[in-house]
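One structure is given here, and the rest of the page talks about it.
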Amino acid sequence: TLCSPPLALALKGHAVREVSADNASAEMRRWPTIFAEGIPVVFRGLAAQSKLVHAFSHKNLLHYADDIGGWSLNKGHGSGPWNSHAHEGGHWNLRQVLEYYDGFESTSSPALQCFKSQGHLPALDLLQPVVDALPTRLLQTAYVDKLNWWMGVNGSSVVTGLHVDDYHNFFFATHGNGGKKFMVYPPWDADNLHVWPKVQVYSKVLLDFYAVANKTPAELDVLWKNPSLKKYPKTAKAKRYDAMLFPGDVLYIPMRWWHSGLNSGDVIGVNSWFYIPNPFVNIYDQIFSQKPDDDLNEWPKLAKLPKKYASLKALPPPPKSPPMGVHPDAVRMRIEQRQKKLGCVRAEVRSHRKVFADLKQFKEELTCLGGFMREIWQEVTELVTGDYPGGSVELWRKVVRALDKGWTIECPKESPPEHVAGFERLFQLRHDRNRFSFAGLLENAYLGCAAKGTCLAVHQATGKALRSAVVWGKCKGIARKPEL
């Protein structure tokens, strides 16, 4: 169960579900089921035999030191909201960066991490190993939007702010023996994570972390996992899941799960952001997401930077700017080429009756959400069902066009007035920065669940049911199993 733990256990953390290296490939063939379950998973050694681990090793990347440009250097141990203090260096190459930081001691050096935020990869001949490492089952059911790579140098430690993303994430660890760690929290723990009112996708609990100096990796790990209960008391109620990655391991982080990564040492990794073309779950995820417009000019007043960080001087630009890497369009094109080689896929939609058969005990709570899904079920079934020679990418583009056209999400008119009113409050709450709470979303989406104590149970069960509504198989005319 994913319910909140007793207070005494809250800060100890729970291990992310792991699949052993012996079973990782076989388990990945169950990808549609894993996606339906909607929880993080570590696949031990899934990419260990791929060329990706060698391609993105520290030794191999040094061959490209003069060619890898576009670095963002973080002054301190954080990235994300701390970008206002980032030491930007879009004109620097990797060799300059390594030489610049060579004089700093690892425990007190400015944290350094490269992040190709627009999906750039460092060199064209490093692209194919990444594309080949993407699991076949994933490519048969997903649209991969971007590939990014992350690198820490000189033993520095850096933390990404605790945040949520509007896409799914596969993170491949390629270098650094246990130096890449993640902590993740479920979406329904948002109310315990002191979400920053001005930027709803970030939690405040790590905002001071970047200014920490002169700490060993072990000390930083403790600080990272144990935010001040005096400043952030609600975190004691949150259920944290921990993962430590080794080269060849792959971590799946579902959409809208809160997460933060810790790089300790010369750690390298590659991640893919992707979407699943399932309109039911795309709508469902959007209903339960925060929607107040973020005010990026309202970053909080951060703690004073340590002198060593504050006194950093910018590197002079080289006579000739290094290349920025492989353009995201080239990355997507290469991925789509492999997806086409995998062959035609077929998508089918289970009947509304079968999908909601296991939700009968929540019939009253699902008056609105279940009723709305029932009303669009046939339309979505006709939209999705069919053969797609271009693979899941072809279907995703079709789904995006339909989502852009939009559905009016409302409670069926024949529903009791109190349910209709509750559903209307749900959408008002999503846009109200001052009154927003995840518990409030659940209580209005599933009216009556608070009194019954079923809010989280119905939400988890409904999400799983909708994620399993679309079934993937091989195209007609080809010997195929019911599901991939």
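The values are calculated or read from the model by the stated rules, or taken from the named source; none is laboratory data. Owing to the predicted nature of the structure, the values given are computational and were not obtained by experimental measurement. Counting neighbours? That spans all protein chains shown, and the Cβs are built from the backbone with ideal geometry, glycine included. For accessibility, only protein heavy atoms count, side chains too; no ligands or nucleic acids. Shrake-Rupley method; radii C 1.70, N 1.55, O 1.52, S 1.80 Å.
Quick notes on this structure:
Residue-by-condition table, conditions (1) outside any loop (DSSP other than H, G, I, E, B); (2) under 14 Å from F246 (Cβ atoms):
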residue: D22; (1), (2): no, no
residue: S25; (1), (2): yes, no
residue: I34; (1), (2): yes, no
residue: I39; (1), (2): no, no
residue: A47; (1), (2): no, yes
residue: V53; (1), (2): yes, yes
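- The listed residues are A450, A457, and the only one of them that is at pLDDT 95 or above, open to solvent by 40 Å² or more (accessible area, probe 1.4 Å) and closer than 15 Å to G370 by Cβ turns out to be A457.
- Looking only at residues of the range 330-365 that are within 13 Å of L466 (Cα to Cα) and aliphatic (A, V, I, L, M), we find that the one that is surrounded by the fewest Cβ atoms within 10 Å (Cβ to Cβ) is A357.
- Selection from the range 340-373 of residues that are over 17 Å from T454 (Cβ atoms) and touching a residue at least 60 places away in the same chain (Cβ under 8 Å): L342, G343, C344, V345, R346, A347, E348, V349, R350, V355, M373
- When R353, R346, R374 are checked against the criterion of being farther than 30 Å from L121 by Cα, part of a strand (DSSP E or B) and modelled with pLDDT of 90 or more, a single residue qualifies: R346.
- L395 being touching a helix residue (DSSP H, G or I) at 6+ places or on another chain (Cβ under 6 Å) and either hydrophobic (A, V, I, L, M, F, W, C) or within 16 Å of I287 (Cα to Cα) (or both): no
- Of the residues making up the range 460-473, those that are surrounded by fewer than 19 Cβ atoms within 10 Å (Cβ to Cβ) and touching a Lys or Arg at 6+ places or on another chain (Cβ under 7 Å) are V471, G473.
Each row is one residue, and each column tells you yes or no for (1) in a helix (DSSP H, G or I); (2) under 20 Å from V42 (Cβ atoms); (3) modelled with pLDDT under 80.
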{"site": "E105", "(1), (2), (3)": "no, no, yes"}
{"site": "A111", "(1), (2), (3)": "no, no, yes"}
{"site": "Q128", "(1), (2), (3)": "yes, no, no"}
{"site": "W150", "(1), (2), (3)": "no, yes, no"}
{"site": "G155", "(1), (2), (3)": "no, no, yes"}
{"site": "V159", "(1), (2), (3)": "no, yes, yes"}
{"site": "G178", "(1), (2), (3)": "no, yes, yes"}
{"site": "F182", "(1), (2), (3)": "no, yes, no"}
{"site": "D191", "(1), (2), (3)": "yes, no, no"}
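- Members of the range 382-392 found to be outside any strand (DSSP E or B) and in contact with a helix residue (DSSP H, G or I) (Cβ under 9 Å, 6 or more places away or on another chain), listed by number: L383, V384, P389, G390, G391, S392
- Residue among R332, R353, R346, R338 that is of a type in the set (K, R) and in contact with a helix residue (DSSP H, G or I) (Cβ under 6 Å, 6 or more places away or on another chain): R338
- Residue within the range 256-276 that is in a loop (DSSP other than H, G, I, E, B), at pLDDT 95 or above and either open to solvent by 20 Å² or more (accessible area, probe 1.4 Å) or aromatic (F, W, Y) (or both) present: yes
To keep it simple, each residue is scored yes or no on (1) under 30 Å from V144 (Cβ atoms); (2) surrounded by fewer than 20 Cβ atoms within 10 Å (Cβ to Cβ); (3) of a type in the set (D, E, K, R).
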site: W377; (1), (2), (3): yes, yes, no
site: T381; (1), (2), (3): yes, yes, no
site: G386; (1), (2), (3): yes, yes, no
site: V399; (1), (2), (3): yes, no, no
site: S415; (1), (2), (3): no, yes, no
site: F423; (1), (2), (3): no, no, no
site: F438; (1), (2), (3): yes, no, no
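- If you go through the range 193-221 and keep only what is modelled with pLDDT under 85, among the hydroxyl-bearing types (S, T, Y) and open to solvent by less than 20 Å² (accessible area, probe 1.4 Å), you end up with just Y210.
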